[in-house]
Every structure is written in structure tokens, then in C-alpha cells.
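*Asks:* Dumping the structure here so I can ask a few things about it.
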Amino acid sequence: MNPYSRRQFLKTLGWGAGAAAVAPTTLASLLAQAGPVGAQVAGERVLVLVQLGGGNDGLDTVVPISGPNGSAYTAARGALARSGDRLLPLDADFALASELPGLRQWWEQGRLAVVHGVHHERDDLSHFSNFAVVWAGVSDPVSSTGWVGRTVDRLAPGSSDPTLLALSLDGAIPILAGAEVSGSSVTADRNRVFGVPGAPADPTVMASYRALSDPAAGDPPLDASARAAQTGALHVGETVGPYLPEGGDDSLASQLATVATLIAAGLPTRVYVVTHEGDFDVHANQGNRQPALLSTLDAAVTGFFDQLGGAAGRVVLATYSEFGRRAGFNGSGTDHGAANVWFVMGPAVQGGHHGAAPSLTDLDSHGNLRPTTSQQSVNATLVGSWLGVDPAGVFGGGVPLLGLL
Amino acid sequence: MAIAATHVNVAHLLRRAAFGGLPEEIEAGVQAGVEATVERLLDWSLSPPDTDHPPLPDPREQLADPGGSRELTLELHRWWVNRMLTSPAPALEKLTLFWHGHFATSLLKVRVHAAMVNQNQLFRRAGTGSFPELTKAVSRDPAMMYWLDLLQSRAGALNENWARELLELFTMGQNNGYTQADVTAAARAFTGYRLDPANGYAFVFVPRFHDGGTKTFLGVTGALTGDDVIDIVMARPETPRFVASRVWFRYASATPPAGVLDDLTAAFAARLDVTDLLRALFTHPGFYADAVRHGLVGQPTESFVRLIRGLDVPPDVWRPAVIGIGFLGQVLFAPPNVGGWGHNRTWLATSVAGARAILSRQLGVWAAAAVQGGHPLATHLAGLLGQPDLFLQTLFGRLGAVEVSAGTADALRGYLADSAGQAAPRRLAGAIHLAATAPEVVLQ
């Protein structure tokens, strides 16, 4: 199969532009088809991770509306505080931002888990070290592996195609790096370069290309990695390439639509990583930016499960961000913080509140929410309770699991 | 201790300090010696004026209509890539690219192309001399001020973004001798920095937004201003060491040997002069070690420029294709975040490798047509196909690889044997497709 002439290949298949049209379905009927929580899942389980880059503001996503926390929120957030029809109540104590009506439906069906107070113990407010920790899944940000990569290392022995066990739809992310096998990455398809559409690859060239990419004795490490990268690209291109959309739409919705297509096509991928196209680092102009970011998220993730249809029961989707944001309003937005709210959703998920909500009347010395739940606990639960890999091998022993699945 | 003027060493110097040397340039460097080649590279006076950029819209227009002009962004790519290809001082373009990644600022938030060009010109103008002066100029750069929210910050409503990244990414290194309290104190010192729309959005200091109170920053107490903060930072020993390590990271390899970093730090700390640092780097024996020569994967811009230059691709062909750099994962004027672009493993991800394979194939397709069009280099290469070893030596030499591994050579010889019955243009296309993805060419 020729990976470099996707347009011709797709024409041969009679592939139309974009994802297949999906019959409308209600969430209730989707969940009825998937079965109750804990029901036997037919087919391999898939985890979809949604990266919200920049530090999503948990307090402007899941809002405390009662008691001392509710009062402290209103006082701390000033003009930014949500009230009235900018809130969708979950229960007496918390509400979702009004831009998340789809997630609210999932909550009402009991399949949206809101995990409170998520963070790690590093105490700095830097995107880079926090991202490094989020990706590494351990406290040491200088780790050369990511937790998805280490999970892939452990899934690889039982897999006929280890290179495809984890796949990013938005380019390479360090979370994919494993010690033995790493996840692969693709970006939205763009095969017009030099103004010339892809020409069919010359079979004589491709045979030598494989020879060139084979490991060579005496290669210094980076040279060896460069060869391996070409081999990996060849394989991923041949397998995943035909399903990538034409036109280069990088949005979260488009990435998730491609994930749904790949799941339906029967790819052996167990972990997908997708990236929200927006910047959650709302130091400024949060009042305008956050609603748009959340609307996009809500539409994309709910649309994704709709598209999955009968396969939805095999999929758990979780959001993550490198940190939350500060309790106080800086006059235009909020600055880097600590503890955050993460979502985990899917037909198999035990919905409801997980983890203790941080106290807004007992902030740390920077004015940040104190963590109550470690990121490792969330990730270890996804790895252990959903993917069936022993979390001790990925995160070390003794990480408490949550009752999410 | 003189560095041996071998082809390997001179080719390495030209690839790292600039964008690679053509065979005649490497030969000239071998004849002149490494020190003389370094001095020529560091002769900034050879750089042509950089006011010949494409016409830019008025900032007010762009701020009013932030739809963004993709075509203008591509035109700016073409402008800068053209300088990398043709400037008699390519090391200055490489240094400008370094500062662009170091003080990383993105058009995607700044939205005003004129501001990004202005910043690019600042790096070229002020990036070769005093690092303290460069940093002060960057603190007043309109694109940077907008990018790190300095325009938002005022007494009583601090925005700490600029202060944090100044310490963490630009000068001292993360958590390397400062605390969160210092970040807050620095943020207070930098309040009052604004831009004046009535004066072409030039920097203006607005006292009523400034926190003129007493602050303590890195142990120094006073009514500190932004320039005071920078002076204090520049007096810290962490600063020259961190900046030297970043220069090593982009020019040499992931991690410097400790002794080498000590030497470079000492050379830089003497005057905090950037040219001093580069000279020390390019004349240090450690820079020419095997691990360093095999220590960097080419950034997409570097790879693109080396391929275009090596194959003598004409402007009417490479200009439309400059978007290839973005496909490889690097959009000039738009680094992914304030930490700049990725490094090494980033450029070996499957998505990048796939894009590189497509770009390489398309270069081959061009070359085949170029033979038929009478392009001198393409015709010359096609004519060498009957002598496989000479052909490979010439092709890889043009692509900047003086040494070729057995693994790569065997694969290419295998291709030439298998394709022996095919027409020359087609064989040339295949050879270029393969050679451009070989590790010897992918590594910088």
C-alpha cells in the first residue's frame, strides 16, 4: 500500500470528504446500546486523552455554588464569577459552566466523572515543568519517558503491531515516549508540497527506502533514531494515512472524528492522544476566551461519542491539563495555579464526584487551591482499571486508585 | 589549541554556525583554517540590510481584523529563508533564528506581522553584542510585551508572565537561584511598560501604572525598575552559565560536558558579549567531538535550507514550497510556546519523519524535471549515474554530508543497481528521495 499518494488511494476506495455521516442519536439510546456500567465490553478497550494546553481553569469549569466555597468563589473571582444562567447545576454544591450542556447530559446519565483537586506535588508555576510532570506521570520532570509510552512498553509483548498501540493525532507529544516502544504521531493530512500532488511512489525506491531505514551496525544513537523514525513513519503512513482527512483541519473535533473512524476501522490502537486547538492560558481576557474554549470542548467530545455509536462502550475519554489556575482574579483573567478539575467520561465510567474538592477558604501561600488527588491516581486508574495494565510498572507501587471504572 | 582543518570539521562548523557549506565553501575553509573560517562567520558587517521585507499592513488594521494573513506569513518565511540562503553572513541569520527560539514569541497571539518583523530585526541588530542590552531591548519589544502580557500588568494588578519567563527561560534557568517571591518582585518592577498607539505602537513608560514601591529582588532592596532587575540578573553567576548552556543546546548537542560548559561560561561571563561566546564555542575542541558532530537533528528550517541550497533549487520552485517547513513541524514566527521549538526527538517523531519523506520525494520529482529542463547541477548529477561511487559522493557532498555510513551507502548502491535499466531523470529522483531522508542528511 502506498502511503504517499493518499489522494489517489482514497479515490480508489471511493472515500468521500470528511467523516461518514452519523445517524442522530440521543445520549440515552447510545448508553442503552453500550450497556450498564460494569457490563462486559466486547472488543478491545480504548482510552482517549484530551490535552487542554495552557492550564485549564478548573474553577471556571466546575463552579462551587454553596457554602463557604461558594461565597469564597464569588468574592475571589469578582467580575469573572459566574452566576444565574451562566451555570448548569450538577447538584446543590457544584455547577458546570453553561458552555458545557453536553457534559451536563452525561452527568445526568451518571457517566461523567468530575475529579476534584487534581495535581502533583511539584510547587512551581511553570508550564514547562508542569507539562513535563503531566506527561511523565512521575514527579521527576526530567524523565525521558511518558506514562503512555511506558504503558505501551507493557502492552507491546502481547501486540502484533506495537508501533500503533498509542497514537497522537496532533503531532508528537512527550507523553508518548516509551523506553522500548513509543507511541506514534500523525498530523492532519497535507500532501501538497512544491505545488505538486503526491505522485505514486516508485517501487524500486520504496524497496531501497526500507533498506535505508533498517538498523545499521555502528550507527551512533541519534543516527539510529533517525533511521527508526523513517521506518515508523512508513508503517504508520501505510496504516493510518488512508483515514486522515484531506484539508488539514487541526481542530479537536476533527481529530476526534478521525479517532472514531480509526476505531471503527479496527486499528489495534489502545490509547489516542488528541489536543484541544485553543490556548487555555487565560492570564488575560478570560471572560471572552474561556467560554469559547469550553464550548469547543463540549461539542467535540459529545460529538465524538455520537459518532462512535455502537463502539462507544469500548471507549473512555479523559481530559488533562498541566495545572489549574489561581483562585483570585487578576483584573483580566487568572494566573498559573495548582489543583484542577479533570473529566473522565464514557459509558463504562462511574459518574459523579471523585476526589475531595479543595477548600477556597484555605488556599496555599500563592493563593492557589491545595491538591487533594494526585494525577498519578487518575492515570493509574485509567491504566489499571481500564486498560488492564498493572499500574505499578508504569507509576511505581502504592498509587491509590480511584473508583472511576 | 588549534582545531584541525579537516573536511569533516569544517563541514560540521558550517552546518552548525550557519546552514551548511557547499563543497567549494568547505574546501575554502580547509585551506583557510578553522580560526580564519570562524572569524569570517562572525563578521557581522557582511550582513545586508534587512529592511527589504514584504510590505506590512498597518498594526491598527491588523488589530481590528485579527483574521490573520496566511499568505503574508508565508511571504515572511520566503523573505527570511532567502536571507538564510543568500546572505554573505549566514551565521547572523542562524543567530537570529536562535534568538527567535530563545525569546520565543508567537505571531498567533501577537497577530501583528509588523511587530514580528520588528522583533526579528531587533535580534539581528542587537543579538551579536551585549546580552544585557539585548535583554533590556527585548523587555521593551512590542511583540514580546504583548506576548507575555506586560501590557496588562500594573501596580495592584500584577501580571507575572513576563517576569517569570525572564528568569526561567531567558536568563537564569528554571528555579535556578530565584524563588516565587523574586518573580513577584520582578513583576512589580516591570509595571508601567506600555505601547503608544499614537506613536506607531512604540514603547512608552507610563508612571501611573508603575509600582514605584520598595521591592527586594534576589537580595537587592530598593525602588527597583525593570532595567534594575535585568542588571541584577546579569550580575548573577547563573546567568552566563544558563545562556551558554542554551547556546550549546541549539548549536552543539543536548548536554555539554561539564568542563566545556565551564570554559564557555568563563568566556561569556567576561563581558556578557554574544560574539565572545560564539567564538569560544566554535574554537573549542569539545565542539568537534564525535558525540557533538552526531548530536543534533536538523530543525526543519535548517534541513529545508540545506536541501534547497545543496540542490540549487531555483526560487520559483522553493518559494511556493516554503510551507514545507511548517509541515515538518516548525512555523517561523510562531513557535508552539514561550519555550521555543522542540529538540532532537521532536524532529524524529513519526509525523515529522512522514512529512520529511514526502518533501524528499517531491525534491526528487523536481530534480527529474530539472534534468529535462537543462538545470546545470541536475544535469551534472544525472551524468554521474554511470559511476555510482562518484555520484553518491557528489550528491551527499552537495547535501552537506562529508562522511557517509556503510549502511546508507549500501542502501543507495542497492538502489542504483536495481534501477540500472531506468531513465536517468527517474533514477536521479529516486536517489534524491532516498538521500534526503538518510541520517547523514537529517542530522545537522
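*Asks:* Out of segment A:356-388, which residues are part of a loop (DSSP other than H, G, I, E, B) and within 20 Å of the chain's Cα centre (by Cα)?
*Replies:* Within segment A:356-388, A:Leu387, A:Gly388 qualify.
*Asks:* For residues that are within 22 Å of B:Ala244 (Cα to Cα) and surrounded by fewer than 24 Cβ atoms within 10 Å (Cβ to Cβ), scanning just segment B:145-169, find the one that is nearest to the chain's Cα centre (by Cα).
*Replies:* Once the filter is applied, the top-ranked residue is B:Leu169.
*Asks:* Based on this model, can you work out whether A:Phe329 counts as closer than 23 Å to A:Gly55 by Cα and crowded, with 23+ Cβ neighbours inside 10 Å?
*Replies:* Against the criterion (closer than 23 Å to A:Gly55 by Cα and crowded, with 23+ Cβ neighbours inside 10 Å), A:Phe329 does not qualify.
*Asks:* A further question on this structure: Does A:Gly351 meet the test of being in contact with a helix residue (DSSP H, G or I) (Cβ under 9 Å, 6 or more places away or on another chain) and modelled with pLDDT under 95?
*Replies:* Against the criterion (in contact with a helix residue (DSSP H, G or I) (Cβ under 9 Å, 6 or more places away or on another chain) and modelled with pLDDT under 95), A:Gly351 does not qualify.
Quick grid of which residues meet (1) free of Cβ contacts under 8 Å to residues at least 12 places away in the same chain; (2) surrounded by 18 or more Cβ atoms within 10 Å (Cβ to Cβ):
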| residue | (1), (2) |
| --- | --- |
| A:Asn288 | yes, no |
| A:Thr296 | no, no |
| A:Ser321 | no, yes |
| A:Trp342 | no, yes |
| A:Gly352 | no, no |
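*Asks:* Hey, another quick one. Looking at segment B:221-247, which of its residues are in contact with a Phe, Trp or Tyr (Cβ under 9 Å, 6 or more places away or on another chain) and small (Gly, Ala, Ser)?
*Replies:* If the condition is that a residue be in contact with a Phe, Trp or Tyr (Cβ under 9 Å, 6 or more places away or on another chain) and small (Gly, Ala, Ser), then B:Gly226, B:Ala244 are the ones that fit.
*Asks:* How do the helices (runs of 4 or more DSSP H) wholly within segment B:270-389 filter down when requiring 2 or more residues that are over 23 Å from B:Val8 (Cα atoms), within 10 Å of another protein chain (Cβ to nearest Cβ) and in contact with an Asp or Glu (Cβ under 6 Å, 6 or more places away or on another chain): which remain?
*Replies:* Where helices (runs of 4 or more DSSP H) fall fully within segment B:270-389, none carries at least 2 residues being over 23 Å from B:Val8 (Cα atoms), within 10 Å of another protein chain (Cβ to nearest Cβ) and in contact with an Asp or Glu (Cβ under 6 Å, 6 or more places away or on another chain).
*Asks:* Does segment B:159-172 hold any residues that are free of Cβ contacts under 8 Å to residues at least 40 places away in the same chain and not in a helix (DSSP H, G or I), and which are they?
*Replies:* Answer for segment B:159-172, where residues must be free of Cβ contacts under 8 Å to residues at least 40 places away in the same chain and not in a helix (DSSP H, G or I): B:Asn159, B:Glu160.
*Asks:* For segment B:406-420, name all the residues that are surrounded by fewer than 20 Cβ atoms within 10 Å (Cβ to Cβ) and in a loop (DSSP other than H, G, I, E, B).
*Replies:* B:Ala420, the sole residue that qualifies.
*Asks:* Return the residue satisfying two criteria in turn: it lies in segment B:421-440 and is within 8 Å of another protein chain (Cβ to nearest Cβ), under 26 Å from the mean Cα position of the chain (by Cα) and outside any helix (DSSP H, G or I), and of such residues it is surrounded by the fewest Cβ atoms within 10 Å (Cβ to Cβ).
*Replies:* The extreme case among them is B:Thr437.
*Asks:* List the number of the failed condition for B:Glu403; all other conditions in (1) more than 7 Å from chain A (Cβ to nearest Cβ); (2) part of a helix (DSSP H, G or I); (3) touching a helix residue (DSSP H, G or I) at 6+ places or on another chain (Cβ under 8 Å) hold.
*Replies:* (2)
*Asks:* Only one residue in A:Glu277, A:Glu246 is surrounded by fewer than 22 Cβ atoms within 10 Å (Cβ to Cβ), touching an Asp or Glu at 6+ places or on another chain (Cβ under 7 Å) and within 14 Å of chain B (Cβ to nearest Cβ), so which one is that?
*Replies:* None of the other options fit; the residue is A:Glu277.
*Asks:* Please go through segment B:181-216 and give me each residue that is of a type outside the set (A, V, I, L, M, F, W, C) and at pLDDT below 95, ordered by number.
*Replies:* Matches in segment B:181-216: B:Asp196, B:Pro197, B:Asn199, B:Gly200, B:Tyr201.
*Asks:* Wholly within segment B:13-122, which helices (runs of 4 or more DSSP H) include no fewer than the required count, namely at least 3 residues that are crowded, with 20+ Cβ neighbours inside 10 Å and touching a helix residue (DSSP H, G or I) at 6+ places or on another chain (Cβ under 7 Å)?
*Replies:* B:34-41, B:70-86, B:90-102
*Asks:* Report, by residue number, each residue of segment A:389-400 that is over 19 Å from the mean Cα position of the chain (by Cα) and closer than 19 Å to A:Val46 by Cα.
*Replies:* Listed by number, the list holds a single entry, A:Asp390.
*Asks:* Do you know which residues across segment B:207-238 are closer than 19 Å to B:Val138 by Cβ and either small (Gly, Ala, Ser) or surrounded by fewer than 13 Cβ atoms within 10 Å (Cβ to Cβ) (or both)?
*Replies:* If the condition is that a residue be closer than 19 Å to B:Val138 by Cβ and either small (Gly, Ala, Ser) or surrounded by fewer than 13 Cβ atoms within 10 Å (Cβ to Cβ) (or both), then B:Gly226, B:Ala235 are the ones that fit.
The values are calculated or read from the model by the stated rules, or taken from the named source; none is laboratory data. Model, not experiment: these values are computed from the prediction. Counting neighbours? That spans all protein chains shown, and the Cβs are built from the backbone with ideal geometry, glycine included.
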